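The values are calculated or read from the model by the stated rules, or taken from the named source; none is laboratory data. Just so it is clear, the structure is predicted and the values come from calculations on it, not from any experiment. Quick reminder, even Gly has a Cβ in these numbers, built from the backbone with ideal geometry, and neighbours come from all protein chains shown. Note: accessible area is taken over every heavy atom of the protein model, side chains too, but ligands, DNA and RNA are not part of it. Shrake-Rupley method; radii C 1.70, N 1.55, O 1.52, S 1.80 Å.
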Amino acid sequence: LPPGPLTVHLRIRPNSLGRAQTILDANEAMATMILLPDGRIRLSRYGRDRQERVVWGRTPLTLKVWADLTASYDGERMRLFVNGREDAEPVAVDGLRGDFQTTFGRTAIWANPERNASHFQGDFRFIK
């Protein structure tokens, strides 16, 4: 992830629900987008103080239906959009920490095993 403002837009179609699944992972930069077991999206980022900031989506995705997801960071706040509508309260976070490899659809590796997410089970249409 580059330092500073960033927008990631992707189109996904989940083929299964019921467990956490990684959509986006920039593990060393401590940023993730997870499809939760109930179909909602969880977007997280660690600030410079090493405290996790989380945006909790409100709208559950529908099984086997395409959804447009956009995660944005304007330099001050993280935002989450589902199908073009803001889906959560923006959350303040102080900075992204540099260029790190970002992967899509792979397992997030976290210290807390209760928050581990498996590979994304579904399809990606495009990623910008």
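Taking strands (runs of 3 or more DSSP E) that fall entirely within the stretch 48-97, which contain at least 3 residues that are open to solvent by 20 Å² or more (accessible area, probe 1.4 Å) and of a type in the set (Val, Ile, Thr)? First the steps, then the outcome.
Details: elements: 52-56, 67-73, 77-82.
Those strands (runs of 3 or more DSSP E) do not exist here; none qualify.
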ask   = So which residues in the stretch 10-24 are at pLDDT 90 or above and open to solvent by 20 Å² or more (accessible area, probe 1.4 Å), if there are any at all?
value = Arg11, Arg13, Asn15, Ser16, Leu17
inquiry  = I need the full set of residues from the stretch 22-78 which are in contact (Cβ under 8 Å) with a residue 60 or more places away in the chain and either on the phi > 0 side of the Ramachandran plot or among the basic types (Lys, Arg) (or both), in order please.
reply    = Met30, Gly75
